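Q: Take this structure, written in structure tokens, and hold onto it; I'll ask about it next.
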Amino acid sequence: MENIIYLHGGVGGHTDYSERVRGYAMNSMTGDSLESAIHGVLQLEDDPDFNAGTGSYPRIDGSIQMDAAVMTEKTFGSVIAIEHVRNPVLVARDVMEKSPHVMMSGDGAIEFARKMGHGFYDVSTERTLERHIKMLTKIKEGTDSLNDKEKFIRDILGFGESTGDTVGAIARINGKFAVAVSTGGSVPMLRGRVGDTPIIGCGFYCGPKGGIVTTGIGEEIAKRMLCYNIYNQIGSDSLKNILDDAVKDFGDILVGIIAVTRDEYASSANGNMSTGIHIF
Ligand code: GLY
């Protein structure tokens, strides 16, 4: 069985970064699926053009809270709404490997991260701050083009443009699967909002039959428990058909999926999604 590292840089971006993502996939070659998946996401978190780690989008109040998760065929770890760390995916790994828990959130997750040696780090960039101001202006001005989420934010806060550009990785090395995901969330969003990314079965799932990770509007992905649902369909049809059908169910709500099974790999999205694969 060939080894595969499959990465995506999120759905809904206007620029195609696939060549860069392919390079990150190639750089992630190791002899271990978890190492490879984490290394893939780590590079995407450190690249300010992606909405994860450095370059994560602010919440409506200007704060930046991030979600990340890792999973092997046996266990998982995730962090929810973590702030001021450079690489949420590494903290998720520490939750899985060095704590008796599987999920940690908010202040407790930050305190845990500091104890594990993850120092203070400001992940904001000029690009995300400019975008934040543009979004606030749009919502404040309140044009007819606001979508439901933007209208909700406007109604409760007096304050759009939805994105879901989570990053994700799946590795199948020596026949074993692992996945990793990380995101700054799907804007616009309130402080404390949690999407699909850190929730097992929603933004990620991994087992002996394969690995699946998603990107897009987290609320809709979570409602469908999308990754677990797809995992349970593995083998019932071609992987590509399974993913295409799942994406069709979203209509024009932004979603992207990549998946690797024992004998197939595929992706499907209803918006531009940069992907990169390395097979060795
Ligand atoms: N898919 C990322 C999020 O909605 O938070």
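The values are calculated or read from the model by the stated rules, or taken from the named source; none is laboratory data. Keep in mind the model is a prediction, meaning the values are calculated, not measured. Cβ: placed from backbone, ideal geometry, glycine included. Neighbour counts: every protein chain shown. These accessible areas exclude ligands, DNA and RNA; they are computed on the full protein's heavy atoms, side chains included. Shrake-Rupley method; radii C 1.70, N 1.55, O 1.52, S 1.80 Å.
Q: If you roll a 1.4 angstrom probe over the protein chains with everything in place, what fraction of the accessible area of the stretch 1-64 belongs to carbon and sulfur, to the nearest %?
A: 48
Q: Would you calculate, for the chain, the mean residue ellipticity at 222 nm contributed by helices, counting each DSSP H stretch of 4 or more residues as -39,500 (n - 2.57) and dividing by all residues, to the nearest 500?
A: Value at 222 nm, helices only: -10000 deg cm²/dmol.
Q: Next question, about the same structure. With all protein chains present and a 1.4 Å probe, how do GLU35, GLU45 order by accessible area, largest first?
A: GLU35, GLU45
Q: Roughly how many Å² of GLU73 are accessible to a 1.4 Å probe, to the nearest 10?
A: Here the accessible area works out near 50 Å².
Q: Can you bin the stretch 88-237 into rounded, prolate or oblate? Criterion: square roots of the alpha carbon gyration tensor eigenvalues sorted a ≥ b ≥ c, rounded for a/c under 1.5, prolate for a/b above b/c, oblate for the rest.
A: Oblate.
Q: Largest first, what is the accessible-area ranking of GLU220, GLU264 with a 1.4 Å probe?
A: Reading off the accessible areas and sorting them downward yields GLU264, GLU220.
Q: How high is the FRET efficiency from LYS98 to LYS140, r the C-beta distance, R0 45 Å, rounded to 0.05?
A: According to the calculation, E is roughly 0.55.
Q: When Lys and Arg each count +1 and Asp and Glu each count -1, what net charge do the other residues less than 12 Å away from PRO208, Cβ to Cβ, add up to?
A: Here the count lands on +4.
Q: So how far apart, in nm, are the two label points at ASN174 and LYS223 if each is 7 Å from Cα heading toward Cβ?
A: Rounded to a tenth, the inter-label distance reads 4.3 nm.
Q: For the stretch 176-208, state which trypsin sites (Lys or Arg not before Pro) are in a DSSP loop and have at most 15 other beta carbons lying within 10 Å of their beta carbon.
A: ARG191
Q: Need the C-alpha centroid separation for the stretch 259-280 versus the stretch 69-88, integer Å.
A: The stretch 259-280 and the stretch 69-88 have Cα centres separated by 22 Å.
Q: Moving on. Working with all protein chains in place, sort LEU34, LEU90 by solvent-accessible area computed with a 1.4 Å probe, largest first.
A: Sorted descending by solvent-accessible area, the residues read LEU90, LEU34.
Q: May I ask you to give the solvent-accessible area per residue for the stretch 1-49, in square angstrom, as obtained with a 1.4 angstrom probe?
A: Here the residues of the stretch 1-49 average 42 Å² of exposed surface.
Q: Could you tell me how far the Cα centroid of the stretch 185-222 sits from the Cα centroid of the stretch 14-37, in Å?
A: 20
Q: Each label point is 7 Å from the Cα along the Cα-to-Cβ direction; what then is the distance between the points at ASP61 and ASN147, in nm?
A: For the pair ASP61/ASN147, the computed spacing is 2.4 nm.
Q: What nm value, rounded to one decimal, do you get for the distance between TYR121 and ASP32 when each label is placed 7 Å out toward the C-beta?
A: 1.9
Q: Rounded to the nearest percent, how much of the accessible area of the stretch 164-280 (1.4 Å probe, protein heavy atoms only) is carbon and sulfur?
A: Carbon plus sulfur share of accessible area: 51 percent.
Q: If the reach is capped at under 22 angstrom between alpha carbons, list the lysines near LYS138, excluding any in the same chain fewer than eight residues apart.
A: LYS149, LYS151
Q: Classify the stretch 63-109 as rounded, prolate or oblate from the Cα gyration tensor: take a ≥ b ≥ c as the square roots of its eigenvalues, call it rounded if a/c is under 1.5, otherwise prolate when a/b beats b/c and oblate if not.
A: Prolate is the answer for the stretch 63-109, as a/c is 1.5 or above and a/b outweighs b/c.
Q: Rounded, prolate or oblate for the stretch 1-152? Axes are the square roots of the Cα gyration tensor eigenvalues, ordered a ≥ b ≥ c, and the cut-off for rounded is a/c under 1.5.
A: Oblate, since a/c reaches 1.5 and b/c is not below a/b.
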